[in-house]
Amino acid sequence: MRHTISRYWVFNTTVATVFFVAMVASWQVNAVEGGSGFYLLGGKGSLAGVLAPAGTFYSLDSYFYSGDTSANQVLPTLGGELEVGLDADVIVALPSVLRVTDLEVFNGRLAFGAVVPVLNQDVSVDLTLDIDGEVIGGSESDKDTQMGDPVLLAILGWNEGNLHTTLNMMLNVPVGDYEEGDLINGGFNRWGLDTTVAFTYMDPDTGLELTVAPGITLNGKNRDTDYRSGDEFHIEFAAMQHLSEKYAIGLAGYHYEQIDNDSGSAQDGYKGRVSAIGPAGNFNFKLGNVPVYGKAKYLYETNVRNRMEGSAVYLSFSITL
C-alpha cells in the first residue's frame, strides 16, 4: 500500500511539473541554446563573394523553416525515462539596409549596414515519461511574433578578373525580445560575432558561377541561464548557371558543425551538426522603373546530430534606394 501511495505521489508531482520538465528537456534536444545560432544557415549562397557597386540598398529576405527533433533522457531521480519531441514552424522577415562606399580599406571597398529580424514562431513540445512501465504524457505549445536581435554588418570586397571576394563581419546585439524560461524567444540574450569569407568565381562568357563561403561564429554567454553555446563552423556553396542577365539556376547548400562544446549550465559533450542541399534560382525584373534583384532557394536538411531536421525556403528581394 505504501509503495502504491508513493508511486501515485510521484506521478501527481510529475504531472504538476511536467511542463517545466518539458521546457528544460527541450533545450537539451538541440545543441546551442535555443537550437539555433544568430547566423542564418543558407543566408549566403549565390554571388556571396560579389560586392555591389557604390550605393544604398534595401533588402527584404524571408525565411520559412519547418522541422522537428526528438531525444530520450534517463531521469535517475524519478527512476524513469523521458522522451521529448520538439516541432517548430518559423517565419523570419529580415529587412536590411546596406551602404556600399567607395572608401578603400586594405585595397577593398567598404560597406556597412544593419538587419532587424522579425520572427513568427509556432513551437510545440511533447513528452512521455515512463516510470517502471507506467506512462504519462504532456505537451506545451506557443505561437508568437517577436523582434529579434539586430545584427550590425561590415563588409570588405575585392575582385580580380573573374574572382570576387568578400569579408563579412556580423555582430549580434542582444536587445531583442527575450524572457528566461519562455518556450519562444525572438532574441538570443547573448552577444555573437560571425566572420565569413565568400569567394565567387564568375565567368561572364559561359555564365558559370561557383561560390563558396566558409565562416566561424563565436558565441557569448547567456548570463540569465549561465549557458554558453559552443562556437560554430559553417560553409555554404552554390553552383549556378546564368542563362542571361535576368535568370540563373543551380544548386545551393551548406554544412554546419560545432567546433567546441556548449558549456556552463549546458549538457557536457553536446555538439550539433547538419548539412543541406537544394535547388536555387536568381531572377531580376522591374517594378515600374525600379530594378528588383531576387533570389530563391529550397534547402532540405540531412546528416543531422543534436539539432532540428527539416527544410527551409528562402526568398530575397533587393532594390537600390
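The values are calculated or read from the model by the stated rules, or taken from the named source; none is laboratory data. Quick caveat, the model's predicted, so the values are computed rather than measured. Because the Cβ atoms are built from the backbone with ideal geometry, glycine has one as well, and the counts that use them run over all protein chains shown. Accessible surface is based on the protein model in full, side chains and every heavy atom, while ligands, DNA and RNA are left aside. Shrake-Rupley method; radii C 1.70, N 1.55, O 1.52, S 1.80 Å.
Some observations on this one:
- Cross-link reach list, aspartates and glutamates versus Lys44, counting only Cα pairs under 12 Å and skipping chain neighbours closer than eight places: Asp61, Glu236
- In terms of its C-alpha gyration tensor, the chain comes out prolate, because a/c is 1.5 or above and the ratio a/b outweighs b/c.
- Between Lys246, Lys44, Lys271, the residue with the greatest mean-square fluctuation in the GNM of the chain (Cα pairs under 10 Å linked by springs) is Lys246.
- Cα gyration tensor shape of region 229-321, rounded if a/c is under 1.5, else prolate or oblate by comparing a/b with b/c: prolate
- Label-point gap, in nm, between Thr145 and Thr56 - each point 7 angstrom along Cα→Cβ: 2.6 nm
- Carbon + sulfur, % of accessible area of the chain - ligands and nucleic acids excluded, 1.4 Å: 59 percent
- For region 191-281: rounded, prolate or oblate by the Cα gyration tensor [a/c cutoff 1.5]: prolate
- Per residue value of the accessible surface for the chain (all protein chains in place, 1.4 Å probe), Å²: 50 Å²
- Helix 2-29 and the longest principal axis of the C-alpha atoms of the chain enclose an angle of approximately 10°.
- Comparing Ala54, Ala114, Ala239 in a Gaussian network model of the chain where C-alpha atoms under 10 Å apart are linked, the largest mean-square fluctuation is found at Ala54.
- Binning the alpha carbon pair distances of region 164-319 at 5 angstrom intervals from zero yields the distribution 2, 8, 12, 16, 19, 16, 11, 8, 5, 3, 1, 0, expressed in whole percent.
- Reach of Lys246 by Cα under 19 Å, taken over lysines that are not fewer than 8 positions away in the same chain: Lys286, Lys295, Lys297
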